[in-house]
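Below is one structure; the comments refer to it alone.
Quick note: the coordinates plus some simple rules give every number you see, no bench work behind them. Just so we're clear, the structure is a prediction, and the values are computed from it rather than from any experiment. As a convention, Cβ positions derive from the backbone with ideal geometry for all residues, glycine included, and neighbour counts pool all protein chains shown.
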Amino acid sequence: MDDILIYGGVENIPMYNCSARTPEQWSYETGVSQPIIGSLQIAYGVVVNLLYIPIIIIMLDKDNFKLSCFKIMFQLAITDFLVIFINSIFTGILGIQGAVYCTYPTLIYITGSVAMSLWCSSCCTSLILVCNRLLVMSKPHLESAFFENKKTFLILSCSIIYGIYFLFTTPHVYNSKHHAWFFDPMIFPERSKEYDNLPHAINNFSIVVLTCILYIPFYLIVKDNLKGTMTESRLHSTVSYIIKKLNKKKRAVLIFFQKIQVFIQSILICFSSQVAATIYVIMNLTEVSAGLILFGHFLWQLVHGAPVFIYIILNDMIRRRFFKMLRCNKNNSTAVGILIINQSNIVPQ
């Protein structure tokens, strides 16, 4: 992005100059129309973002937003919403057209820079979410010390600043032939290595390593909690006063399984990030099959779209509120329809 300021425009940047051909020629000679894949991606993006709107509203509820995890998930949700618009809806439109970087150089360059920034910011935010869940399950007092009240916003601002840094690195640009985003705009084949983005590679591989490291204590904590619960269950089964403590036991088990549920959510959200991060680095560093490239882009879409379905399926509170909102909207629509019918009955014919 800094090159735009230095050279006074995207098309003035020597490494991104498309003056050798017209945009139409670039599309015709180097692009490939992808109508089926493009249409499916647009449909996927529209569905995900429509589902995300009520979920974001639920997260903003006063009782929910006071919790640190909902503040973190809200920032992730906004990031996901924006990225899905880029990597699914906008990408699908470009794919249908058979566009390449030089078809819309300024638009694709800026969009790629923003996508890069959002992706790296979301990686950082995802790590913050895992750390938050880890502290909640193991050291609640530390979770309060680091995330209580407005402290969460201070920590989240670090992920925003981190993402802004990547606005000033080599951006991803779209190519319909591979139907994915690459650092190389494929203008000068002999200079493709000059577009490598080392900070992006470091970001992606560090996410894999750090997440794996964090999952080690995560696993041990869950294992100890489960072992403690099972041991206590066996003990109480042999003691006559189990009935008197049954309600207390049920509450303890319920709290435990709520923690397990949050743990599963965190795993599912972060697992796709690890795989997509690795594939995107590899496919930008070396030549790989078209199938792997498409799979890598699909995982990038999944990373930002899967949380919608994870929240609806695994988060009881969000699921109840989500379907309650749908029922209210349905009832309101029915009421409006009845009112219109009733009013039409009193209109003179």
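Odds and ends about this structure:
- Selection from ALA77, ASN132, ILE4 lying farthest towards where the dipole of segment 1-140 points positive, charges on Cβ: ASN132
- In this rough spin-label picture, where each label sits 7 Å from Cα along the Cβ direction, the TYR165-ALA43 distance is 4.1 nm.
- Fewest-first sequence of ARG321, ARG191, ARG21, ARG133 by Cβ atoms within 10 Å of each Cβ: ARG191, ARG21, ARG321, ARG133
- Sites ARG21 and LYS177, calculated FRET efficiency, Cβ-Cβ separation with R0 25 Å, nearest 0.05: 0.95
- Each label was represented as a point 7 Å from its Cα along the Cα-to-Cβ direction; for LEU107 and PHE65 these points are 3.4 nm apart.
- Efficiency of FRET between LYS150 and ILE13 - r from beta-carbon atoms, R0 30 angstrom, step 0.05: 0.15
- Spatial separation of Cα centroids for segment 104-180 and segment 1-76, in angstrom: 14
- Here the relative contact order of segment 1-80, from alpha carbon pairs under 8 Å that lie six or more residues apart, stands at 13 percent.
- Here the Karplus curve 6.51 cos²θ - 1.76 cosθ + 1.60, taken at θ = phi - 60°, turns the phi angles of segment 125-142 into couplings of 5, 4, 5, 4, 4, 4, 4, 4, 5, 5, 5, 4, 7, 10, 10, x, 5, 6 Hz, with x standing for Gly and Pro.
- Spin-label model, THR286 to LEU220: label points 7 Å out along the Cα-to-beta-carbon direction sit 3.5 nm apart.
- Here the Karplus curve 6.51 cos²θ - 1.76 cosθ + 1.60, taken at θ = phi - 60°, turns the phi angles of segment 301-307 into couplings of 5, 5, 3, 9, x, 4, x Hz, with x standing for Gly and Pro.
- The H on the amide N of VAL173, modeled in the peptide plane, is under 5 Å from the matching H of PHE182, PHE183, each at least 5 residues off or on a different chain.
- Taking LEU76, LEU82 and counting other C-beta atoms within 10 Å, the order from fewest to most: LEU82, LEU76
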